[in-house]
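Okay, structure first, notes after.
The values are calculated or read from the model by the stated rules, or taken from the named source; none is laboratory data. Since we're looking at a predicted model, the values are computed, not measured. Don't worry about glycine lacking a Cβ; one is built from the backbone with ideal geometry, like all the others, and counts go over all protein chains shown.
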């Protein structure tokens, strides 16, 4: 094997696929990046048995071949090489990398042992096309609410569901205390329903960068294939039944306020300074006389804020973990939103003043009245 | 006590003095920032018994007084307040802070217990004036070589020494494996010799920012007072005898090379990728035929670099902890430097091609030949 490639392009490729390489288990083939020549191209891939990522980099291939090199070392070595051309060639059962006056000889692992990249064999109906911006936006605005523990694996995923009737794609994340739902218009012939690991969607969102190209998402019963230009990502779906989240959304409210998103966010941050002294990040809210009064207390003292709002319905005293509300308000771009309440023990709904592009639920904290 | 001040100015002041506040000991007065009104000014100070920092902030004082509030909480609360005017006033034995629609009530500690800021009672001869840029430069280029352990406290300081004869200030740091010395022209009538904690000099360097104003350093037998505009820093000197570092500098060399600083630094970084797999960060260097050959090895493979240099004297094989050389090359701004060697077990000298503005020593690693 021998090829010559450009340092910067190779680093970009390594950076994309190395996110799927194990970093913890010494001497495992899955710590490696697999490099294989194909005509005037290098195919790079990495695979952690749940997610696999593949990309390609232009190279001048002088002798075909393949190798597997631990991802972290490969990245660090190539990254410290001088800019310009780098030559890779096999020499005495190791890979010699050279450029300018520098060289490194890295031991390789058996590329034959590297798992084959999965091939999509699904139905053409089970595909959706989505703009990169919409994809990233849907992930950013829901993934924070996915569960991160290990005891309820199904909730570490986001539910992706298409609705051919009304032409929408919805993404839902839920962790038992809050729920996030984001909707986008999308034309899709079939009903697709899949639970995709939130961690992988966040990685994909980062890897994809900011271009204009559309993303294809192709589904089989147990996997999702994401393609965008020269990047291909495979991930296993989570098996199991997602909760019937529609049933959790209160049908009507008893108290509704329209709040300025930026002001409410800033106010939550001020409350957090004292609330975070305690693990429950407790804030108390009183809604009355067209005002929301927020209050947090710790051994250092107390913070208090009063915001004027448009208010409908009943007076309400309610308490929250301020962090859960803050997570929601941080991702809302709209200037104003509705917060709807059905009582001091029922989930609060946060939604747009018009339309249904998003919906958040946050369960309150039960405190003595 | 009651005063009104601007949020941004107050945050700037808190940020300066809070570096001298304890952050670990709950309920200690030394966790606090001490705030005292004085005419139309607030004096802020903090004190950790080794270092004290004082600054002032403009305020509209309506009622004179003083208070002490835990530094971290004060900073976080003020930082989250809306921009603009903030009012501080005592209310029921607590301090009420208010601005726009927000307020916080913080419990205070007994300001009477706060230690008085030390007063300089030294001799006018024991003062030096130095430009802010020179001060920061001297600290940045020597402080990394000060010792950071606890068993040899004297070496956690930097030796500041004036030489009235040749009109210079020198700053020296040493930790047993490397030494850094930086000289600057300075007119000073008296011979000053003081060992100042490196940690405090680094903090001062950060606090002082990038202005043009001169810094005054005033010394007593046991303390150093640093003044710059509205900032005043007091620090205790380290007691004891600094090592006679001059005796450590080899008088002549057997091998000398002139290296390109940037290329040598990049090469060290490439070596470090493999060298750091081992705690000694070992690199081997061979100097011969007007080349330096660098090499590092780990279980993953080896890296090798060959740099053309101007060379005088004997062929040499020597080994170093690459990190110690890298620390030096990172702070050198000159395009080229001399590296001088007197043998494979003697310290390497790194110095300018002309002049004596700096000098670094790095002790090699003793390996089998």
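Can you tell me which residue is farthest from the other protein chains (Cβ to nearest Cβ) among those in the range A:79-94 that are touching a residue at least 60 places away in the same chain (Cβ under 8 Å) and surrounded by fewer than 22 Cβ atoms within 10 Å (Cβ to Cβ)?
Among them, the one singled out is A:85.
Could you say whether any residue in the range A:71-78 is over 18 Å from residue B:304 (Cα atoms), outside the structural domain of residue A:202 (by TED's automatic domain parsing) and touching a strand residue (DSSP E or B) at 6+ places or on another chain (Cβ under 8 Å)?
Narrowing the range A:71-78 to residues over 18 Å from residue B:304 (Cα atoms): A:71-72.
Filter again for outside the structural domain of residue A:202 (by TED's automatic domain parsing), leaving A:71-72.
If we keep only those that are touching a strand residue (DSSP E or B) at 6+ places or on another chain (Cβ under 8 Å) too, we end up with A:71.
Scanning the range A:71-78, I find at least one residue that is over 18 Å from residue B:304 (Cα atoms), outside the structural domain of residue A:202 (by TED's automatic domain parsing) and touching a strand residue (DSSP E or B) at 6+ places or on another chain (Cβ under 8 Å), so the answer is yes.
Testing residue A:113 on (1) touching a helix residue (DSSP H, G or I) at 6+ places or on another chain (Cβ under 8 Å); (2) more than 14 Å from chain B (Cβ to nearest Cβ); (3) within 24 Å of residue A:226 (Cβ to Cβ), one condition comes back false. Which one is that?
Here residue A:113 clears every test but (3).
For the subset of the range B:274-297 comprising residues that are surrounded by fewer than 18 Cβ atoms within 10 Å (Cβ to Cβ) and modelled with pLDDT of 95 or more, which member is nearest to residue A:102 (Cα to Cα)?
B:293
Sort through B:360, B:324 and tell me the only one that's closer than 25 Å to residue B:171 by Cα, buried (at least 20 other Cβ atoms within 10 Å of the Cβ) and in contact with a helix residue (DSSP H, G or I) (Cβ under 6 Å, 6 or more places away or on another chain).
Step by step, each of B:360, B:324 is checked, and only B:360 is closer than 25 Å to residue B:171 by Cα, buried (at least 20 other Cβ atoms within 10 Å of the Cβ) and in contact with a helix residue (DSSP H, G or I) (Cβ under 6 Å, 6 or more places away or on another chain).
Return only the number of the condition from (1) touching a helix residue (DSSP H, G or I) at 6+ places or on another chain (Cβ under 9 Å); (2) within 24 Å of residue B:331 (Cα to Cα); (3) away from every other protein chain (no Cβ under 13 Å) that residue B:230 does not satisfy.
(2)
Does residue A:348 count as crowded, with 18+ Cβ neighbours inside 10 Å and in contact (Cβ under 8 Å) with a residue 12 or more places away in the chain?
Details: crowded, with 18+ Cβ neighbours inside 10 Å: yes; in contact (Cβ under 8 Å) with a residue 12 or more places away in the chain: yes.
When the stated conditions are applied, residue A:348 passes them.
With (1) within 20 Å of residue A:90 (Cβ to Cβ); (2) touching a helix residue (DSSP H, G or I) at 6+ places or on another chain (Cβ under 9 Å) as the list, and residue A:4 as the residue in question, which single condition is left unmet?
Unmet condition: (2).
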